[in-house]
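J.: Quick one: the structure is below, and I'll ask about it shortly.
The values are calculated or read from the model by the stated rules, or taken from the named source; none is laboratory data. Note that the coordinates shown come from a computational prediction; the quantities given were computed from them, not determined experimentally. SASA here: full protein model, heavy atoms, side chains in, ligands and nucleic acids out. Shrake-Rupley method; radii C 1.70, N 1.55, O 1.52, S 1.80 Å.
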Amino acid sequence: MPIELVVSIISLIVGYFFSRLQERHSEKYTRKSERFEKLYAPFEKMIWLHTHGAFQFSDLDSGLQRQFFELLFNNYEYADSELKELLLRFKWVYDTPAAKDIEETDKCFFMIEQRISLVFNVLCRELFLEPYSIKHADKIAKRWDKSF
């Protein structure tokens, strides 16, 4: 009887430990998914849909600038610490409408875009989604050329 009691207690403790680990993993996955869906994926989609290749923030029309600005700051809590720092700098420069700050605004936005693209790809891998990669461009171009 004492051995059965010890085995039961050990089983209970091990079961509790593993359920806590699983719960913790599930919470982390949920938070990463939420960050991805609220900030990173919408930003990347806006870049792909509304800009055409290389651009500067100052060249975008004011409505599109506002959309980017609102997306970034309405979802500020989902940014990582490095992105938050860049966003604060961007906001400060954006709110200072001096002619010399246009270049700084463009530079800040470029750095934000680079950071978001990097984290977007990391989150894709962690969420088991296919990250964006240019490495397939040669294969696609060859297939494209063969089809014509």
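J.: Please compute the per residue accessible area over the chain with all protein chains in place, 1.4 Å probe, rounded to a whole number of Å².
T.: Accessible area per residue: 74 Å².
J.: May I ask you to evaluate 6.51 cos²θ - 1.76 cosθ + 1.60, the Karplus curve with θ = phi - 60°, for each residue of region 33-47 and list the ³J(HN,Hα) values in order in whole Hz, giving x for glycine and proline?
T.: With the stated coefficients, region 33-47 comes to 4, 5, 4, 4, 6, 8, 10, 5, 5, x, 5, 4, 5, 5, 4 Hz.
J.: In a Gaussian network model over the chain where Cα atoms closer than 10 Å are linked, find which of LEU71, LEU123, LEU60 has the largest mean-square fluctuation.
T.: So, out of LEU71, LEU123, LEU60, the one fluctuating most is LEU60.
J.: Still on this structure, please answer the following. Determine the share of the chain's accessible area contributed by carbon and sulfur atoms, expressed in whole percent, with a 1.4 angstrom probe.
T.: 60 percent
J.: A further question follows. To the nearest 10 degrees, how steeply does helix 62-74 sit against the main Cα axis of the chain, on a 0 to 90 scale?
T.: Helix 62-74 and the main axis of the chain meet at about 20 degrees.
J.: Here's something else I'd like to know. Could you give the angle, 0 to 90 degrees to the nearest 10, between helix 81-94's Cα long axis and the longest principal axis of the Cα atoms of the chain?
T.: 30 degrees
J.: For LYS38, which aspartates and glutamates qualify as cross-link partners when the Cα separation must be under 19 Å and same-chain residues fewer than eight apart are set aside?
T.: Qualifying aspartates and glutamates at Cα under 19 Å: GLU27, GLU70, GLU77, ASP80, GLU82, GLU85, GLU113, GLU126, GLU130.
J.: Separate question: Can you give the angle from 0 to 90° between the axis of helix 101-126 and the longest principal axis of the chain, with both taken from C-alpha atoms, to the nearest 10?
T.: In the chain, helix 101-126 runs at an angle near 30 degrees to the longest axis.
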